[in-house]
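The block underneath contains the structure these notes are about, expressed in structure tokens.
Only the coordinates and a few stated rules stand behind these numbers; no lab work does. On a predicted model such as this, the values are computed, not experimentally measured, just so you know. Cβ placement follows ideal geometry from the backbone for every residue including glycine, while neighbour counts extend to all protein chains displayed.
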């Protein structure tokens, strides 16, 4: 049986537009990419993507040698699909559908989102609200192969989506006809910050993957490879460069050597040396290139 490829990449700077992000990824030797489809500090619930932007992005991906199926769009940070506030939930729900619409138009493999927070403390009701928002988004965008993917959280405050059971609950409540168009991904910093000791042993890394697979019925559809500035169980979502945080190098090797890490986008969201390059500069970030080389070496240990 042919071994699936390791698809490493990063969330590249999109100064000059998302085609430039693709070009930077290509020059950096990446096989995967993450981008924003719109400014992440806003709901963007009425923002569409123009046809010429789609064409330029797809052309840039082709030039970079990156399969669109290996691209993830990260949804806006402000969306809270778990909130009990009806007005805020409605706007977040519409914005999530719009994220899926834009991502589908771009032809990428998936759009990931943070589920949000149960600000009233009722976690079960919050999980149900996330499922309902996902259902509405999938029904609003019935065509296309772009999947809607939950990202596990660092567990700060009342955020939901920290445990395998919570992520599994969000997915299991979807109608059967829509379930195949949804999934989840795992962020290493979030896992560590929420109490999963990835740094302890290979067995602990395997156990985390096993637990999420058992609760959801599937392996992750993407990985965010981030070291952690915060300590174990600190609930702090503070990313560090690979091997320069509390997780350390070994855990990333154990993770990437697991078959479940192959064939899916494995992207870094780590600090960059130059987060705002010139609009016409397609040079990849030096720190990204260095850390990707380290990840490749760790995967082969």
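The table below gives the values:
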read-out	value
Ascending count of other beta-carbon atoms within 10 Å, so fewest first, for 48, 219	48, 219
Nearest-0.05 FRET efficiency for residue 232 and residue 85, computed from C-beta distance (R0 45 Å)	0.90
Cα gyration tensor shape for the stretch 16-62, rounded if a/c is under 1.5, else prolate or oblate	oblate
Ranked list, fewest to most other Cβ atoms within 10 Å of each Cβ, for 15, 146, 270	15, 270, 146
Length released on extending from residue 77 to residue 290, taking residue separation times 0.36 nm less the Cα-Cα span	73.9 nm
Reference-scaled alpha-carbon Rg (2.2 N^0.38 Å with N residues) for the stretch 58-179	1.07
Ranking of 112, 12 by count of other Cβ atoms within 10 Å, fewest first	112, 12
Spin-label pair residue 46/residue 125, simplified geometry with 7 Å Cα→Cβ offset, distance in nm	3.0 nm
Calculated FRET efficiency for the pair residue 27/residue 204, C-beta based, R₀ 51 Å, to 0.05	0.90
Evaluated at q = 0.11, 0.16 Å⁻¹: base-10 log I(q)/I(0), Debye formula over Cα of the stretch 1-90	-0.39, -0.70
Three-way shape call for the stretch 7-299 based on the alpha-carbon gyration tensor, with the a/c threshold at 1.5	oblate
Estimated FRET transfer efficiency (residue 178, residue 56; beta-carbon r; R0 41 Å; 0.05)	0.85
Potential lengthening between residue 259 and residue 280 on full extension [0.36 nm per residue; Cα-Cα distance subtracted]	3.8 nm
Over the chain: helical MRE at 222 nm, DSSP H runs n ≥ 4 each giving -39500 (n - 2.57), nearest 500	-12000 deg cm²/dmol
The stretch 7-299 - percent relative contact order, Cα under 8 Å, separation 6 or more	19 percent
